[in-house]
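Below is one structure, written out as structure tokens, with a few remarks after it.
FYI, it's all coordinate maths here, none of it is from the lab. Keep in mind that what you see is a predicted model, and the values were worked out from it rather than measured. Every residue, glycine as well, gets a Cβ built from its backbone with ideal geometry; the counts of neighbours run over all protein chains shown.
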Amino acid sequence: MIIALLPLGHFLIGVLSLLWQRGARRILPFALLIDVALIGSLWSRVAGGTSVSLVLGGWGRDLGIELVADKISLGFSFLALLLTLAVTVYLWRERQRPYFYVLLHFLLASVFALVFARDLFNIYVIIEILTLVSFLLVGYERKARQIWASLNYLILAALGMAMYLFGVGIIYYHTGTLNLTLLGERIAGMQDQLWLITASTLLVVGVSIKAGVFVFSLWLPAAHASASPAVSALLSGLVIKMGVVVLFRLSTVLDISLPLIVLGGITGVVGAVYTMFTYELKRMLAFSTLSQVGYLLVGIGIGTPLAIAGSLTYGVAHGLSKGLLFLAAGQVVNTTGSAFISEQVARQEKIPRATRIALFVGTLSIIGLPPLVGFCAKGLLSAATDSLPLHLLLVFVSLGTVVAFSKLTPLLNPRYGCSDERAKAISYGILALPIFAFLPASFLFVSWIQVLSWLGPLQAGESVAIIGAGFLVYLVLRGHPVRLPQRIFRLEEAILLILAVFFATFFLLAGSV
Amino acid sequence: MTARTVLLLLLPALAIFSLSQRRRLTAVMGMGLFSLVLAATYLFYHAPDVAITETAIGAALVTFIYVLAIRKTGRLVVVCDEAPRLIARDGGEIVGLEQEIMHGFARELGLDLVVRIVPRDDVGAALNRGEADVGAGGIIREVQKKAELISMGFLPSALYRVSGGIVKDAKHLRENEEYFEDTLEAIREQRSLSMTLDLARFLAASRLNLSNYAVERIEGEFSYCFLVSQDQPELLIQLNAYLTRLTESGEMERLIERYMS
Amino acid sequence: MDVANGVTIAVILFGVGIFALIIRRDLVIKLLALGLIDSSSVLFLVSLNAQDNGIAPIVHGPGANYVDPLPQALVISAIVINFALLALALVFVMLLVERYHTTDSLRIAQQVEREKRS
Amino acid sequence: MKSTAIGILAILLVSAFCVLLLLTVDYHGARGGTDNPYLAAGASETGAVNLVSGIYLNYRLYDSLFELLIFSMAVLGVRFYLNAEKSTKPNVARVAESPVVRIAADLLFGPIMLIGVYLIVFGHLSPGGGFSGGAVGGTGLLLCAAALGAEVVARRFHEQIIEQIEWGILLLIILFAVAPIFFDRLPLTDLLPSGRVGKLLSGGTIPIYNGLIGIKVFIGTWVVIYSFIRHRGEI
């Protein structure tokens, strides 16, 4: 019952705060409190590794819509709560229009609905809500740049969802069900059927456009870089992860591990390269999101319990650090008045101290310094990867991230600093605390014994070595800016690329069975 | 060949036809028709609910909002006072050099051209209020000091000061007549007048009897230009680029030849 | 089997839509193409699950050869969702046109780039 | 890339995509409806003769609620983005010039509204439902606006108030959907008796949802259309 109340409740509160606009801002923290209670009570029921299932309306699984809560859904629910809370506090002083808070509620409603969803069409509807909410949030300030980014996003997302619907159609035609559990039973032993391969490709490609997988998500850098900082934090930290969650749900039923690993690898490498050679702060963070999504996909693709645990822990960890980084980056851009890192360094005396610290913590977490949450997740993932090429790939992505984020080191000069607004500082704190307290975050998915047994000095040593090496590479590369092609981010070329990679995915799938 | 097959084959034809249209309105109407045919097809697939929804939303509502939207998106509004040869009424149409330039410019932007004739003092005001995009009608570049954006000059001009006339009635003594037509009217009636006229308007006025007026040519180099609403700096860039291209390709010379000689 | 069945036509329409989405630079046409793509997915779902000799799922007796009602119910949701996205996209196109005075996607992209650099 | 290159690539990729889809979708005529769980018991379980309505508003009501949310958000977004820029011309009461339009609008308005109401009320018995009925009604109002001028219609339907009503109805719908938990049942359960199948008062909660959704969509459609009209400055 609680499972249904979480999404529907936020839906309800969203409508309520639209009707009572003056109270919209103040309702939100209370709603979040209730959520914490509800999720907590659910947590006690799934903690043992079981899952709680509910078919709405009291129908059977073959008739109604099933909602299932497990550890993974609750972990991402927590991430959603923390990010929303941080964003609300961050914006507490700058009174936003009530419209903004209404959208936040609807975002939460759709996030909760998505993490519990186990029905192909239900997932479609909720992804469309997420599209719409992010679309409205990106263009929220009505700058032409944001509107253009939003529109590109919408067109690609709509294309992706049409593909997804085709996939749903094929699957329903052949199996007669939309429920993922039932689907898993009915397609057992049919993995080599051509229709299933096509349908899987369509579903994977459709969702990937939303999930920030490189070739499919060419809208992402522009949208995330042009949105306001709070919105970027939500999009990068939360909405992208929802696509990854859906890919994970699909991977439990359909056999899509090979394409996920390959797409994840490409995403990671290309994302890392672009992160290294982007000199605009928020755009760099957006590219870094891409490269980290690559990480997640590789983990899901490997498919062992440990890899999945590592990957989804990393999803939460990255959500926290990227949220923190985007919030801090917004403040940096605001105070220095420039989007480029070099100019920000020149004017860094204007950056408040709290922002600087937040930037520092976020960076440390994202490059995987032990014992922060970033390290914990990366360590699990790298412990789970036993094939050498994959391991090298992960190392490369980590290295790229370190090189890229070393660009921020001049910004972290502790000599300067003025005091920050208290609201901003608190919001950083909300996200930074869980980053420091890494253990709870990883316990969400793996038992603590496992965590401690897998994260030995070997992982820590590797991580520190990567950080050192990355910093050295940064020092070498520092004086040589590289301009990477930006044309692929145009709408037309993006669609062509999506089609091309559609075929690649199809043949990967066909080859793997 | 069942009815369903005919409808099904009609669908791609309609889609290709509408999406290859240059005119947006035709394309929208084509897609509206497409939706209707699609709804009929659903009936043949035993889906009356889908057919009704598709008719109500896909065919009716979507088409309506498209039509409402493209009317808004597709216009380039030019405000001007008449200036003979540059932009002036001729029968029911508006003709002239500036009209020709604006017509080409609007077509390049993919917009429909709308020309509104307003009193000459209202040109700037209309631009400021955001009611129009471009101001035209013998605007002299060197005289403009207002807040609007000013395009490059595309044609050299001259200024003439015309003053004098017979005072019929004290209240007729005014600096500016509202429309250029009023000015011509005043000259025809030999009313008192004190006006600065650009070359095109002066040529038109000089066909009338100016013997009672003192005519003086104002020293200096002048050229014609357009005004652009100040909240649209991009439009100015586009307009200047277009004018430069016209000049470089020799097209401008041909136009000037046609209208001014 | 008839070649001109709904499934084939739906896939062809999908192709036409994507093609138009790529090569037409006018944003309004792009949105129309997007609408075509959405319609094609609807046609696909409906025609895939409707048998030729079936009857509409309005029940008036047991045992009759009704078509599957589920895809139709799904598709109604899809149509409404597509309308919602389309209305918003259209509003955004209108705002862009008011600012840049063109519906040409390439030109808007260039101007956005230029604005960003300055 | 040059545009011709893009065009050639596009043709190649798109046609390959179509061929791939057509070849792999093993289409051999639809399956018969014998093993379909909805057909087996749908009418008796939901009480709706129109099985599509039964699925839409009972079995899969959860989807429909979120779909309604999408629609409402779109209405909200359209209003937010279009009305924020103050229209330069406040008086938009320009009536359609051609008398043909006026007469046609006058003549058509009544029947269209009637169709809308019929679709809503009999949505569980015959094709139709809240969504299509509401959309038809909203479109009918557009005709009315074309004949009388948008402002005249807008004055009757005062904007602020109808918006409150619209969201109020959405609130009502969700409350109604969640209400079964107070009777110790799962949310979205149909608590009302399904009634005698085929009668007007049957189908449990489906007619109620149809009515509420119909009014909501009717208002929403009008708000969208009116925002577009206002932004444009004329009809």
Give me the aspartates and glutamates in straight-line cross-link reach of residue A:407: C-alpha distance below 19 Å, same-chain residues under 8 apart excluded.
-> A:280, A:343, A:349
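Please label the shape of region D:3-232 as rounded, prolate or oblate, based on the square roots a ≥ b ≥ c of the eigenvalues of the alpha-carbon gyration tensor (a/c under 1.5 means rounded; beyond that, a/b larger than b/c means prolate, else oblate).
Working: a/c = 1.83, a/b = 1.16, b/c = 1.58.
Oblate, since a/c reaches 1.5 and b/c is not below a/b.
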Between residue A:55 and residues 5 or more places away or on another chain, which pairs have amide H atoms under 5 Å apart, with H built 1.01 Å from N, and which residues are they?
-> A:67
Between the modelled labels at residue B:3 and residue D:4 (7 Å from Cα along Cα→Cβ) the distance in nm is 4.7
For a label point 7 Å from the Cα of residue A:507 along Cα→C-beta, name the residues of region A:155-183 whose backbone N is under 18 Å from it.
-> none
Computed on Cα atoms only, the convex hull of region A:121-183 has an orientation-averaged projected area in nm² of 4.2
Net +/- balance of residues flanking residue A:236 in space, Cβ distance below 10 Å, scoring K and R +1, D and E -1 = +3
Over the protein assembly as shown: helical MRE at 222 nm, DSSP H runs n ≥ 4 each giving -39500 (n - 2.57), nearest 500 = -22000 deg cm²/dmol
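Which whole-number percent is the relative contact order of chain B (Cα, under 8 Å, 6+ apart)? Display every interim value, and only then the final one.
Numbers: 408 pairs, mean separation 48.1, N = 261.
That works out to 18 percent.
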Which residues qualify? For residue C:26, with a placed amide H closer than 5 Å and at least 5 residues away or on another chain, they are C:105
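Can you compute the charge dipole magnitude of region D:3-232 about its Cα centre, using +1 on each Lys and Arg Cβ and -1 on each Asp and Glu Cβ, nothing else charged? Give it in debye, rounded to the nearest 20.
On the way: 15 positive and 14 negative charges, 120 e Å.
So the dipole magnitude of region D:3-232 works out to roughly 580 debye.
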Span from the region B:73-119 Cα centroid across to the region A:471-513 one, whole angstrom | 47
For region A:1-57, using Cα atoms only, the Rg and Dmax in Å read 13.7, 43
Taking a threshold of 25 Å on the Cα-Cα distance, which of the pairs A:282/A:378; C:30/D:216; A:143/D:216 fall above it?
-> C:30/D:216; A:143/D:216
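Quick one: compute the contact order of region D:3-232, relative version, from alpha carbon pairs under 8 angstrom and 6+ residues apart, as a percent.
Details: 286 pairs, mean separation 62.7, N = 230.
Worked out over region D:3-232, it gives 27 percent.
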With a bin width of 10 angstrom, please list the P(r) values of region A:147-199 as percents of all Cα-Cα pairs, from the 0 bin to the one holding the largest distance.
-> 23, 41, 19, 14, 3
Positive-end residue, region C:1-105 charge dipole about Cα centroid, Cβ charges, pick of C:54, C:67, C:8 = C:8
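Which of rounded, prolate or oblate describes the protein assembly as shown when judged by the alpha-carbon gyration tensor and an a/c cut-off of 1.5? Present the calculation step by step, with values, prior to reporting the outcome.
Values: a/c = 1.94, a/b = 1.34, b/c = 1.45.
Oblate, because a/c is 1.5 or more while a/b does not exceed b/c.
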At R0 = 22 Å the Cβ-Cβ FRET efficiency linking residue A:61 and residue D:208, nearest 0.05, sits at 0.25
Relative contact order in percent for region A:47-144 (Cα pairs under 8 Å, 6+ apart) equals 27
DSSP beta bridges in chain B [antiparallel fraction, %, rounded to 5] | 70
Alpha-carbon centroid distance for the pair region A:52-86 / region B:186-257, whole angstrom | 71
List the aspartates and glutamates whose alpha-carbon lies under 17 Å from that of residue D:199, not counting same-chain residues fewer than 8 positions away?
-> D:45
Would you list, by chain and number, the aspartates and glutamates whose Cα falls below 16 Å from the Cα of residue A:350, excluding same-chain residues fewer than 8 positions away?
-> A:420, A:421
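Looking at the P(r) of chain B, how many percent of alpha-carbon pairs lie beyond 32 Å?
On the way: 14229 of 33930 pairs.
Tail of the P(r) past 32 Å holds 42 percent of the pairs.
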Residue A:415 and residue B:166 label points (each 7 Å along its Cα→Cβ direction) are spaced in nm at 8.7
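Where a ≥ b ≥ c are the square roots of the eigenvalues of the C-alpha gyration tensor, would you call chain A rounded, which needs a/c under 1.5, or, failing that, prolate if a/b is larger than b/c, or oblate?
Numbers: a/c = 1.43, a/b = 1.21, b/c = 1.18.
Judged from the Cα gyration tensor, chain A comes out rounded (a/c under 1.5).
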Other chains near A:175-186: what is the mean number of their Cβ atoms within 10 Å of each residue's Cβ?
-> 1
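Grab the beta carbon distance between residue A:1 and residue B:25, set R0 = 60 Å, and tell me the FRET efficiency rounded to 0.05.
On the way: r = 53 Å, r/R0 = 0.88.
Here the calculated transfer efficiency is 0.70.
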Residue B:89-residue B:116 pseudo-label distance in nm [points 7 Å out on the Cα-to-Cβ vector] = 1.6
All-pairs Cα distance distribution in region C:16-92, expressed in whole percent, bin size 5 Å | 3, 14, 20, 17, 14, 11, 9, 6, 4, 2, 0
